[in-house]
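Take a look at the structure below.
Where a number appears in this text, it was derived from the coordinates with a stated rule and is not lab data. Keep in mind that what you see is a predicted model, and the values were worked out from it rather than measured. Here the Cβ is made from the backbone with ideal geometry for all residues, glycine too, and neighbour counts use every protein chain on show.
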Amino acid sequence: MVGVKQTTDPDIADPDVVDPDIADRDAAEGGAAGHDDASEAAEGAAGDLAGDDAGDGGGGDGEGDEGRSGGGAGLSWGRALALAAALAFLGFAVGVLVSDDDPPGEGSVDVGFYRDMILHHEQALSMASLELAHGENQTVRGYAREVLTFQSFEIGVMRQTLEGWGHAPSSPSDEVMAWMDMPTPADDMPGLASDAEMDELADARGRASDELFLELMARHHRGGLHMAEYAAEHADDEGVRELAARMARNQTQEISEYRITARDLGFDIEI
């Protein structure tokens, strides 16, 4: 399958970029039905790392940060990346717990949704990484860290669930959304940023990065919503339906948050 553009930005691992405490999200409360214990472990890992980072600094201007940072310093960029990797592994471990005597087939909504959402999430991680490295507003960087943290966890769940069902995590085709009866070239998947837009985000700094991130991620979420809502209604597996519904609910909320923040910061964008 044609992959989405990944960042190769040399500044992406800047250890001095510091982000605010992440807002609570039910997105990590389970990657599939019956995984509450693993979800608590994910949240505990986030809390442990955030606690380790307390006092390391609190950069950013803090505009529009009410009710989000709680006054804490938050994770450094290096810590945020380590947390994302840990949660991706935890999500993978959660997927190991999934068992199904009659797993979904190759052409099912379940398999197609997970494969396409992995691809979709991967670009979101790249976008979030760029904003964490180059953005300046604490609230917007906090949104980016939420994306990095929870979508990494979801990717782990989806990948291992697919492998547990006997399916490769990536499609052998360059076509997506056939499971929705809407076959589409992978590069045209709804919500994906173009290569030129990803390059623009990689070049943006400070306020310009904050503004472009909100605009692109809101559009990205809308594209993901279309798929998640369909899977929540049509997937056969209960765990897939629940995860899809959770994605749809959380991304709808996040789009609203992005719109309010963009307005408060005076950004001339439509969300």
Cβ crowding within 10 Å averaged over residues, with 223-235, 186-198 ranked highest first: 223-235, 186-198
Fully extended, how many nm does the chain gain between D236 and E122 (0.36 nm per residue separation, minus their Cα-Cα distance)? 38.6 nm
Report the label-to-label distance for T252 and E175 in nanometres (one decimal), using points 7 Å from each Cα along the Cα→Cβ vector. 3.1
